[in-house]
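Accompanying notes for the structure given below.
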Amino acid sequence: MNPVNYLYLAALLFTIGAAGVLIRRNAIVVFMCIELMLNACNLALVAFSRMHGNLDGQIIAFFTMVVAAAEVVVGLAIIVSLFRSRHSASVDDASLMKL
Amino acid sequence: MSFPLLTATAALPALGAIATAAVPAGRRTAAKWLALLVSLGTLVLAAVIAVRFEPGGDRYQLTESHAWIADFGVRYELGVDGIAVALIALTAVLIPVIILAGWHDADPLETDSQRWRPTQGFFALILSVEAMVILSFEATDVFLFYILFEAMLIPMYFLIGGFGDRAAPARQGAAATGGGEENAAAQRSYAAVKFLLYNLAGGLIMLAAVIGLYVVAGNFSLTEIAEARANGTLEMATNTERLLFLGFFFAFAVKAPLWPLHTWLPNAMGESTAPVAVLITAVVDKVGTFAMLRFCLGLFPEASEWATPVILALALISIVYGALLAVGQRDIKRLIAYASISHFGFIIMGIFAMTTQGQAGATLYMVNHGISTAALMLVAGFLISRRGSRLIADYGGVQKVAPILAGTFLIGGLATLSLPGLAPFVSEFLVLVGTFARYPVVGVIATLGIVLAALYTLVLYQRTMTGPVKEEVRTLPDLRLRELVVVTPLIALLIFLGVYPKPLTDIVNPAVEHTMSDVQKKDPQPEVEAAK
Amino acid sequence: MSALAAATSTGEAVQFWVLGTVAVVGALCTILMKKAVHSALCLAATMIILAVFYLANGAYFLGVVQIVVYTGAIMMLFLFVVMLVGVTAADSLKETLKGQRWLAALCGIGFGVLLVAGIGHASLGPGSFIGLGEANAAGNVDGLAALIFTKYVFAFEITGALLITAVVGAMVLTHRERTERARTQRELAEQRVREGKHLPPLPAPGVYARHNAVDIAGLLPDGTPSELTVNKTLRARGQIRDVSREALNDLKALERRSEERLGRDRDALDRDGRRDGQEAQR
Amino acid sequence: MDNAENLIALLVAAPLLGAAVLLVGGRRLDRTGHWIGTALAAVSFVVAVVLFADMLGRPGDDRTLYQHLFSWIPVGGFQADIAFQLDQLSMTFVLLITGVGSLIHLYSVGYMEHDERRRRFFGYLNLFLAAMLLLVLADNYLLLYVGWEGVGLASYLLIGFWQHKPSAATAAKKAFLVNRVGDMGLSIAIMLMFTTFGTFAFGPVLGATGETSEGTLTALGLLLLLAACGKSAQVPLQSWLGDAMEGPTPVSALIHAATMVTAGVYLITRSGAIFNAAPDAQLAVVTVGAVTLLFGAIVGCAKDDIKKALAGSTMSQIGYMILAAGLGPIGYAFAIMHLVTHGFFKAGLFLGAGSVMHGMNDEVDMRKYGGLRKYMPITFVTFGLGYLAIIGFPGLSGFFSKDKIIEAAFAKGGTEGWILGGAALLGAAITAFYMTRVMLMTFFGEKRWQPDDKGELPHPHESPRTMTIPMIVLAFGSVFAGGLFSWHESFVKWLEPVTSFEHGHSPLSAATVTTATVAVMVLGVALAYLQYGRRPVPVTPPRGSLLTRAARRDLLQDDFNHVVLVRGGEHLTRSLVYVDHSLVDGVVNGTAASFGGLSGRLRKLQNGYARTYAVTMFGGTAVLIAATLLMRAV
């Protein structure tokens, strides 16, 4: 098997995650989709790491995880406080950016 | 290193502006006096420039040069020729007059909140405009000039939009709907935005041309580029030169303003207070015509010659069209604005006639038009502030109740129609002679302008000042001492420069000869001598 | 392990195809499940599979971290939030934005195709894989550590700062500041006495044989519901169920059914019963 | 006197000083202002007499004085100087202007006695004197132009002196505007001189006419004629003069009869060298002169307003002068001679008319006069002498000067000569008719006085001495000037060094012409007597013939102006205002509005839903990737 298939898999997962972000309204699910996209990236990085024979790709994937953790913490906090004030976790309800 | 006189002349009003803005809210009178003193100090410095300037000396004198943005060859380069000296003197004379004329224009209304400090702002803005205008007359670096040319718009925008004519809402129907004040505010902000958009559009096109010039020439120094062009080390492709010329000219034509880019001027002048209107037309707009003479002709002589027929045609249209529209106006200030458009047509015509008389005349015209329009506009402003209306139809018989006001108004009007003996005649005739010498037909058609000028001026005077005294104007007071102090120096200058313009021509002539040699033109020979 | 090289073994191929399929299905379920809890579980499954793939690719440390951090911590955090927001809340999958789904599909497919095309275009043959044999020679964790504490030490320090910031941020976001001192029990009691409005404890909500719920108001002796018996919050949200009429109607219906069954005084009852029935229907 | 030329500037300076003092001085000069003004006018006259005496003391070809004050506008080849030239022609004018001017100052002291703005009036009069003297003393065309416009300004101020009357303000504006049209001609002429000769000083320009093409000279001549038409109220720019009678009567006498309106004659005579070399231009000049002399005369016949009748007469008499000036060297001297005699008798007539109005509560309608000779004897006598002078009664001033012009017109030769001479003769007859009409309606017949606005009947009385003395002096001039000038052709010889002179060769003998002139004069008087002396004059004007009605309206020339120029101009400006607002501004505002509309549409894309933005971002990323791939593929 060609290890490139990992990359194809990563691309597929990433696309699915992106589509999820676009079609789901529940902020939590949207957030999960973002995590999925990050994971897909990580998979690609790991595969690249193997491809190039050095560990820098894994380091970057590692950092991505750290950042993802931080992001999840803050993001979920935001969702919680949003839910408190609006009693809803729908991203469509927060359409205050419109003029 | 001698004393940086040019920098000081611009820096004094700039510092004055900051100081005036910093005066506490309660000390309005102190702010006014501070502004007046600063402007008088600037006048003294301008006089020193005029004295130290040697007409027979180098082309650019009192030069200063410092590195500024070294990576792009931008330098802080100053220097004055005779034309710049004349215009700096004009600016320095007019600003104290404007400040004194606008003494009460920015007093806070009772409805204004205590924290809002309109008075300080008004005078600080005027001083900042003075600083930028003077520096733009001095700048010999294209980039420096461009920055000033654009930066001027900011204070002007606030002066037009923020300090409009409080006497405005006597328009028809405004009183009935009770929306007079809001209506006036809306028109004012329309005027300010229009002013800004027109000039910004011009400025952006100029920016492109400035960058283009840098790409072609490699630096921004007017003197270096002109020299390189003259001795052939800097060749420009014909089309490049023409495009660059158009970029510069467009910006200046908006500022000047030339038909059909003129429509911002009547709005801006109509909606702003009379002193600000004078500031627009007598001071700031002069930067446009000055820049045509210095940059368009100096940097792109061949393109200038290429564009001359079109520009002359536009100038001619401006002259006749502005005058005809002035005749049709019902609003005193708009009438004066259209008259100014007509006069700017003369100035541009003189510049592009490419004769000594035309260009010297155009330079004198800039100075004289500044003084005469200031006189007419400021007296009109005094009149309007008394009655609270800008409509000509609201006046009549003022001569009877306020003879001094009417007399000064008439003198301003006569100057506007270029009566011999007053300064504008000298310049207008020079422009006409200069144009006629090269383009007889253009000269003859432009002469129509003097008939139309008489028409709109006298119609204005007749409708406002003569005839039976209208009930509403019966109690108008005559000019007060402050207002007389404003008008008297202007009238004295009009008469002096009309009878003895030699001091001015002595300064301007060498500069004009330099410009003529830039464009490699010689005056046409008289027929009789040519025959010999 | 160190033999992990460019070429992949058949075992790995089998593993890839089986687990890869599961991962894709999990991902699809994540975005298609109605309930957030299901989505979270599906995602967790996908992540575990990814952890396996990391291991397969020689990223042993990452594989473990993936399980510990992602599936262990992050997904649990998700579940906690889902619980806070409400487990039962099922999303409607009906699209409300016009054209959104079409655009999303178009973009998604286009993007995917482009990515795949890009990867394919990059001409990465099996031979281009160098493999981690050399890099992992001293052990994967040692290799990573050597890099993290030398080349990437600065970035590593910054991630520390990032995490601290995130923690503080989460606290700030979810923490609710008291704007005034909380009143003590005593103060509240004294206030009640002072106002003299309702000294005894509030009555309990209605308690019936079939219902034992806080959202049903207790009935006063005349059969009308008492406002005092239900929680203020529920009242404000309008989530009170009014059962006062319901009970009477039920009683009436019961009576009628028993009458019918017993067949007594049909005519007279017909009138009444029909009238009552109509009322009940209303 | 050695340095007489230094006095020239004083001629101009004295009245200029007066104007400045009176206009700036303010109310504190109200009581003495008129005497200051009169005194300074008199100073000017005295200086003029001194210079005249000095000039007579020198030989004929060395009488020209030059004074160079300072360089005015030096720009390249364009060198304009403030410099004066006093020769015999200027001297004649200077004496006329200062002399008549001083008399009219004196007259105004009485006439304007009750006007609260009298100080200002004298300031304007002094300003006029200064400008007029500048006009005739200038040694170059540009300085002449300054004076030319200066008198226009003074005329504007004085016609509109009673500004509270809308008619006066309108008349003043009209006068200035029509004059400006003429001034356009003069300014273009100066430009043409500059491009042709490189200068516009009299000496070099007039000396170099031989070196330039006739086409240029014809153009110059026509432009100068246009200027002269404006200033001297000649057809087609004559319409302002009648309205100008709105000004106070001394103004009409000084400016609109004796001096300013004759500036056109001065200009043409001064530029004689140009016209001599341009026959086509000369033809235009004589045509204008002949047409105007008839036009003015016909208008004068129909007007009931005494001042407007006299204004028509002025127009007509200046027509004679222009005609004479257009005849070339055979006519210049006679043009100037008629100008001077006309200055005397027409000023006298106007002052007489002013005196009548003064006594008749400012009534100007002659139909409401009648029988005034008993009440105003001095006025009657002086007016009568002026009347006899203007109709050319043998022995009086007008006879000598007009007769010479008619003779010269015939001497033009050929068909032209006959036509011009005939027109001049006809004009003489009509002059006699309308002046007799004025005389009869005013001083003879029964009283037709009407109560004024306040219901009071006028009480005619003789005017105060300050008014009668000038009238008497002018009457002397009207009687004797002509004879004095014709004595041994003294006037012609005096002017000859400047204007050159040659005797015309008339197809008719001098005696024949004189006889004919007297005959038509008698005919005119007789006709007028038949119509106005024998029959009572109705107070309300009869309907009259078509020609009368047209003449009352200035032969419809004003109506033509109104319809074509005023209405047309109004429509033009109104449509231009519309164009400016809708088209020029509309294009800009339209662009702005379309941008506004576009952004309004685009704004709807910003619906606030984060997911929509996400789609956009995602799509954008896809496009970027596509572009990258494409670039790499290429």
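Since every read-out is calculated from the coordinates, none of them should be taken as a lab result. Predicted, not measured: the structure shown is a model, and the values here were computed from it. Cβ placement follows ideal geometry from the backbone for every residue including glycine, while neighbour counts extend to all protein chains displayed.
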- [ ] Distance from a point 7 Å along Cα→Cβ of B:F72 to each backbone N in the range B:218-241: keep the residues under 16 Å and list them by number.
- [x] B:218-222
Open item on the list: Taking the Cα centroid of the range D:400-441 and of the range B:326-377, what is the distance between the two, rounded to the nearest whole Å?
Closed with: 49 Å
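For chain D, what does the relative contact order come out to in percent, with C-alpha contacts under 8 Å and a separation of six or more?
12 percent
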- [ ] Let me have the 222 nm mean residue ellipticity of chain B computed from DSSP H runs of 4+ only, each contributing -39500 (n - 2.57), with the sum over all residues rounded to the nearest 500.
- [x] -23500 deg cm²/dmol
Open item on the list: Which of B:W259, B:W33, D:W449 has the fewest other C-beta atoms within 10 Å, and how do the rest follow up to the most?
Closed with: B:W33, D:W449, B:W259
- [ ] Amide H neighbours of A:S90 under 5 Å, at least 5 residues apart or on other chains, H built in the peptide plane: list them.
- [x] A:A27
Task: Residues with amide H under 5 Å from that of D:L65, placed H, sequence gap 5 or more - done: D:L86, D:D87
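Note down the magnitude of the dipole of chain B about its Cα centre, charges +1 on Lys and Arg C-beta and -1 on Asp and Glu C-beta and zero elsewhere, to the nearest 20 debye.
1520 debye
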- [ ] Taking the Cβ of each residue in C:I119, D:I104, B:I69 as the centre, tally the other Cβ atoms inside 10 Å and list the residues starting with the fewest.
- [x] B:I69, C:I119, D:I104
- [ ] Find the centroid of the Cα atoms in the range B:251-294 and in the range D:1-70, then give the distance between the two in whole Å.
- [x] 45 Å
Open item on the list: I'd like the Karplus ³J(HN,Hα) series for the range D:380-385: coefficients 6.51, -1.76, 1.60, θ = phi - 60°, whole numbers in Hz, and an x wherever there's a Gly or Pro.
Closed with: 4, 5, 5, 4, x, 5
Task: Residues C:C29, B:C296 arranged by fewest to most Cβ contacts within 10 Å - done: C:C29, B:C296
Task: Computed [θ] at 222 nm, helices only, for chain A once each DSSP H run of length n ≥ 4 contributes -39500 (n - 2.57) - done: -27500 deg cm²/dmol
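Only Lys, Arg, Asp and Glu count, each charged at its Cβ (+1, +1, -1, -1), so figure out the dipole size of the range D:562-633 about its Cα centre, rounded to 20 debye.
Charge dipole of the range D:562-633: 440 debye, to the nearest 20.
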TODO: Please give the helix B:118-138 orientation as an angle from the longest Cα principal axis of chain B, in degrees from 0 to 90, rounded to the nearest 10.
DONE: 20 degrees
Open item on the list: Please list, by residue number, every one of the trypsin sites (Lys or Arg not before Pro) in the range B:470-529 that is coil in DSSP and has at most 14 other beta-carbon atoms within 10 Å.
Closed with: B:R474, B:R480, B:K522
Task: For the range B:283-291, Karplus couplings with θ = phi - 60° (6.51, -1.76, 1.60), whole Hz, Gly/Pro x - done: 10, 5, 5, 5, 4, x, 5, 4, 5
TODO: Collect residues whose amide H, placed 1.01 Å from N in the peptide plane, falls under 5 Å from the amide H of B:L234; neighbours closer than 5 in sequence don't count.
DONE: B:R229
TODO: At 7 Å along the Cα-to-beta-carbon direction for both B:F496 and C:D242, put a label point, then send me their distance in nm to one decimal.
DONE: 9.3 nm
Open item on the list: Under the 0.36 nm per residue contour assumption, what length would be gained going from the current alpha-carbon distance of D:K374 and D:L546 to full extension?
Closed with: 58.3 nm
Task: Alpha carbon centroid spacing (whole Å) that separates the range D:494-523 from the range D:152-220 - done: 31 Å
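Could you sort out which of B:K521/D:K173; D:K346/D:K493; D:K173/D:K404 sit more than 32 Å apart by Cα distance in this structure?
Details: B:K521/D:K173 42 Å; D:K346/D:K493 25 Å; D:K173/D:K404 37 Å.
Exceeds cut-off: B:K521/D:K173; D:K173/D:K404.
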Open item on the list: P(r) for the protein assembly as shown, please, calculated from all Cα pair distances in 20 Å bins and given in %.
Closed with: 8, 25, 23, 17, 11, 10, 5, 0, 0
TODO: Please name which of B:L12, C:V37, A:A27 has its Cα lying farthest along the dipole of the protein assembly as shown towards the positive end, using unit charges on Cβ (Lys, Arg +1; Asp, Glu -1) and the Cα centre as origin.
DONE: C:V37
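Per-residue ellipticity at 222 nm for chain D, helices alone: DSSP H runs ≥ 4 residues times -39500 (n - 2.57), over residue total, nearest 500 deg cm²/dmol?
Counting only the DSSP helices, I get -23000 deg cm²/dmol.
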Open item on the list: Please give me, ordered by residue number, the trypsin sites (Lys or Arg not before Pro) of the range D:15-81 that lie in loop per DSSP and have at most 11 other Cβ atoms within 10 Å.
Closed with: D:R31
Open item on the list: Residue by residue through the range B:468-473, what is 3J(HN,Hα) from phi via Karplus (6.51 cos²θ - 1.76 cosθ + 1.60, θ = phi - 60°)? Round to whole Hz and write x for glycine and proline.
Closed with: x, 6, 6, 4, 6, 9
